[in-house]
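All of the numbers you see were taken from the coordinates with simple rules; none came from a lab. Here the structure is a predicted model, which is why all the values come from computation and not from measurement. Don't worry about glycine lacking a Cβ; one is built from the backbone with ideal geometry, like all the others, and counts go over all protein chains shown.
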Amino acid sequence: MTDDGTQTRLALGAMLVPLFFAIAFAACIIGSYHKPDPSNIKVAVVGPPAETAQVRAGMQKAAGNAFAVSSLPSVAQAIHAVRERDINAAFVPTADPRQPASIMVASANGRIVATAAETLARSVTTAQGAQLAVREVRPLAPGDEIGLGVFMFLIVCTICGYIAPTILETLAPALVPSRRYAILAGTAVLIPTLVYLIGGLGYGTYEGSFGTILAFIGVGALYVFTLGAGTRLLQAVLGPPAIFVSLAILVFLNIASLGATYTPPVMAPFWRFLNHFWIGAQAVNAQRSILYFDGAGVGTDMLKLLAWTAVIAALIVLPVSRRRERRREQEDARPAAAAAGVPV
């Protein structure tokens, strides 16, 4: 019988996990979302450059580094640029205060960014005594006014992508790699499918054609599998410490740098930097492109996500990783065999 002292030490050691979770969650998640930091929000002023120069200069002076104010000659070009995410918003000033000015935004590309652009444009029209009309060219889905849909989808996928290999390692540590990765792949398909069935069909958060939804789920499946494979790689190389390392790298850094509700123009500098290449950010960008922007730009996002998958797969099959994985499988199999009375 195991003595109480040993059990107490094991229990206290196990409590390091929730304590680590609390510290990392507070440092990463609260740290990245508690205070927006607008930078380089792209707003174009529509009209002949010579005629809009004074408006642009005034807006840039008032906005500082938070905005990058440029010029576009026509409304058609402005609409196209906002729809393609080349700019965040386009402001059409009015020469007659009795006529409303307008601003074109795409809330699907970041509701906070769209609101910031509206606020800047409204400061101009208020000074003129004019009204401001807001035109949505890429709106969010009805009922998802602040853009939580994709964010929550990726939160679930992130946590489950980490949990799946962790549970496998705990309950079936000696499972052969071929079956382990097959189970992870099957689970990676099921997780985003279930999330869509609940959030999409159940709550109407995700809308689109059959092809759109299939692509949306497919990105989620690739993301979950990539996280699962990454977690398994760390397990094979590091052993027990992998629980902390994989949480830090694949859960907390991913969630904090997603750029789903706080899109890159309003993220803190460190998280904005990670957003350019980190795993979850590429999945968010791809899913946003698929759901709201007719797939514009999805190729680049998918290449980055596939690059992460390829790098992790390559590291898994390296001889040193394979040797470590086989050694850990043998070590994990010995206690079970001894308990069953099988000679090892």
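What's the magnitude of the charge dipole for region 1-135 around its Cα centre, counting Lys and Arg as +1 and Asp and Glu as -1 at the beta-carbon? Answer in Debye, nearest 20. List each step's numbers first, then the result.
Numbers: 11 positive and 8 negative charges, 82 e Å.
Computed about the Cα centre, the dipole is about 400 debye.
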Quiz item: If the chain between Gln77 and Asp37 were fully stretched, how many nm would it gain, using 0.36 nm times the residue separation less the Cα-Cα distance?
Solution: 11.6 nm
Practice problem: Kindly provide log₁₀ I(q)/I(0) values, in the same order as q = 0.17, 0.25 Å⁻¹, from the Debye equation applied to equal alpha-carbon scatterers of region 84-164. | Solution: -0.71, -1.09
Quiz item: Simple spin-label model, 7 Å along Cα-to-Cβ: Met152 to Ser209 in nm?
Solution: 2.8
Practice problem: Can you grab the distance from the C-alpha centre of region 200-278 to the C-alpha centre of region 46-87, Å, no decimals? | Solution: 33
Practice problem: Take the Cα atoms of region 238-304, find their three principal axes, and give me the spread along each one in whole Å, biggest first. | Solution: 44, 24, 15
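If each residue's Cβ is checked for other Cβ atoms within 10 Å, how do Val46, Val105 rank with the fewest at the top?
So the ranking, lowest neighbour count to highest, is Val46, Val105.
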Quiz item: Of the peptides 288-295, 259-266, how do they stack up when ordered by the mean number of other Cβ atoms within 10 Å, highest first?
Solution: 259-266, 288-295
Exercise. Would you mind telling me which residue in Ile255, Ile112, Ile167 has the biggest mean-square fluctuation in a Gaussian network model of the chain, where springs connect alpha carbons within a distance under 10 angstrom?
Key: Ile167
Quiz item: Using only helices, what value at 222 nm comes out for the chain when you add -39,500 (n - 2.57) per DSSP H run of length 4 or more and divide by the total residues, to the nearest 500 deg cm²/dmol?
Solution: -19500 deg cm²/dmol
Exercise. Give the percent of DSSP beta bridges with both residues in the chain that are antiparallel, rounded to the nearest 5.
Key: 20
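Where Rh denotes the Kirkwood radius from the mean inverse Cα pair distance, what is Rg over Rh for region 130-184? Mind dumping the intermediate values first?
Numbers: Rg = 20.8 Å, Rh = 14.9 Å.
So for region 130-184, dividing Rg by the Kirkwood Rh gives 1.40.
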Practice problem: For each of Asp4, Asp144, count neighbouring Cβ atoms within 10 Å of the residue's Cβ, then give the residues from fewest to most. | Solution: Asp4, Asp144
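Report the equivalent ellipsoid semi-axes for the chain in whole Å, largest first, defined as the square roots of five times the eigenvalues of the gyration tensor built from alpha carbon atoms. Each step should come with its number before you reach the end.
On the way: eigenvalues 482, 81, 54 Å².
The equivalent ellipsoid of the chain has semi-axes of 49, 20, 16 Å.
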Quiz prompt | Under the span-like rule (Cα at least 27 Å along the axis, Kyte-Doolittle mean at least 0.5), DSSP H helices of the chain | solution = 148-171, 177-196, 210-238, 298-317
Exercise. In vacuum, with every alpha carbon of region 8-141 counted as one equal point scatterer, what does the Debye formula give for log10 I(q)/I(0) at q = 0.11, 0.13, 0.16, 0.21 Å⁻¹? Two decimals, please.
Key: -0.47, -0.58, -0.78, -1.20
Quiz item: Where in region 78-93 does the amide nitrogen come within less than 17 Å of the point 7 Å from the Cα of Glu51, taken along Cα to Cβ?
Solution: 78-79, 91-93
Practice problem: Take the Cα coordinates of region 144-332, assign each an equal point scatterer, and use the Debye formula without solvent to give log10 I(q)/I(0) at q = 0.18, 0.19 Å⁻¹. | Solution: -1.17, -1.27
Exercise. Note down the nm distance, to one decimal, between modelled labels 7 Å out along Cα→Cβ at Ala14 and at Lys61.
Key: 6.6
